[in-house]
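The values are calculated or read from the model by the stated rules, or taken from the named source; none is laboratory data. Owing to the predicted nature of the structure, the values given are computational and were not obtained by experimental measurement. Heads up, the Cβs are rebuilt from the backbone with ideal geometry, glycines too, and the neighbour counts pull from every protein chain shown.
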């Protein structure tokens, strides 16, 4: 590959050159949302992080099969052994079918991702649609001796697994410490050890979401869905598995154990984890009650917000920190991102206004290489953006007559901004898009009124009146003039 990508592998704890198993096909699996509430700022970071990776891998020539799962059986989120199914709880409280809850919030998640210009994945499988595959994996783990059945539930035998392999290799934990510190939960006496996690749970009579299995009428453990769906769509071994850093333990640690116990080998070559968005140094999330939904950010309707922020401002804000760094929320940081993005779009739009000279007095030829080097260094988007801002200075200086640029270098600037700002970083000029939409809107109204004028000339009063009446009902004020017509839209 012309531009060798290095990514930080959580498993090895170092940056490694990215070499796909089945070049040029890259298999990538990213843990998606649990759909029982509105998407918030914390959801935006992994979505945008892996959207950049998806875009970049495709740009450098790979075919990417990107799988992002939907957890629509939310009973075991962040605790594999207890707690009411959060989707079922919401369904019960709102007197809805669980899948109504899922579909409502999944639609809202997709709308937010579209607004943030996050590309859809290649495949978006639902946990509830892959119960058969999850049961098959439980059977394989039982057959290989790393799980046990207890009172209709099936648990993974962590202690036995650890004798043959290493449980804790991803998170750096040791089973002895976990055995000493893990509390025994009420009603979990059926487990041999407190660290054992559920592969299948027998459903209580009041549990809404349940399926038949060889062990009981029940439901799969939270960790099982990703192992089963990753194998189904990407094979027993695939390239990249990603998600938030909060998923390293227990979720991804358990995924490794399940895959090894079922198939005798690890499923994932590279583990990638984005860091958290924080507020006052504390992780943002539903469980802590300090989250801001994306809709609130876009509308400005939240006590912590001083104003509304556009989707591209949010995307740019997230990209100004390297994905493995923490990112602290503040209005000041968002406003700085807003101003920075305005600067970069203004300069981008002004490239075509630069008068071409016979030669260049500044170096712009190295810009492309610098941006590639930054992204090849573990997707270092803030460094790539800093190089684009260096180019902004050259553009402004050229417009002011302080430096000269050749026509070749002007074209190179346009090409680099298109490639890195738009194609790879996924940013859109919202002002330009809004102006284009307004222009199209005006042309459509003019076209209708021109049709009305033609109808009047043809004495087709019915059509003329219909166009006028329907536009008036929509809030348009129409005035006939000797030269044709005038109109305005009343607010």
Legend entry - segment 377-386, residues that are assigned to a helix (DSSP H, G or I) and surrounded by fewer than 21 Cβ atoms within 10 Å (Cβ to Cβ): 382, 383, 386
Inset, instruction - Specify which of the listed residues (321, 374, 333) is crowded, with 16+ Cβ neighbours inside 10 Å, closer than 27 Å to residue 302 by Cβ and touching a helix residue (DSSP H, G or I) at 6+ places or on another chain (Cβ under 9 Å). - result: 321
Legend entry - Flag for residue 423 being within 30 Å of residue 325 (Cβ to Cβ), within 42 Å of the chain's Cα centre (by Cα), modelled with pLDDT of 95 or more and surrounded by fewer than 17 Cβ atoms within 10 Å (Cβ to Cβ): yes
Inset, instruction - State which residue pairs qualify: first residue at positive phi and inside segment 14-32, second residue surrounded by 14 or more Cβ atoms within 10 Å (Cβ to Cβ) in any location, beta carbons under 7 Å apart, and separation of 6 or more residues or different chains. - result: none
Legend entry - Residue check for residue 403: surrounded by fewer than 20 Cβ atoms within 10 Å (Cβ to Cβ), part of a loop (DSSP other than H, G, I, E, B) and at pLDDT 95 or above: yes
Inset, instruction - Given the conditions (1) surrounded by 18 or more Cβ atoms within 10 Å (Cβ to Cβ); (2) under 16 Å from the mean Cα position of the chain (by Cα), report the number of the one that residue 295 does not fulfil. - result: (1)
Legend entry - From 395, 410, residue being touching a helix residue (DSSP H, G or I) at 6+ places or on another chain (Cβ under 7 Å), outside any loop (DSSP other than H, G, I, E, B) and either within 21 Å of residue 336 (Cβ to Cβ) or in the same structural domain as residue 464 (by TED's automatic domain parsing) (or both): 395
Inset, instruction - Kindly provide the set of residues from segment 247-265 that are surrounded by fewer than 19 Cβ atoms within 10 Å (Cβ to Cβ) and either assigned by TED's automatic domain parsing to the domain that holds residue 329 or touching a residue at least 40 places away in the same chain (Cβ under 8 Å) (or both), ordered by number. - result: 248, 249, 263, 264
Inset, instruction - Taking residue 452 as meeting all but one of (1) in contact with a strand residue (DSSP E or B) (Cβ under 7 Å, 6 or more places away or on another chain); (2) surrounded by 18 or more Cβ atoms within 10 Å (Cβ to Cβ), write down the number of the exception. - result: (1)
Legend entry - Members of segment 120-131 found to be out of contact with any strand residue (DSSP E or B) (no Cβ under 8 Å at 6 or more places or on another chain) and either closer than 26 Å to residue 311 by Cβ or part of a loop (DSSP other than H, G, I, E, B) (or both), listed by number: 120
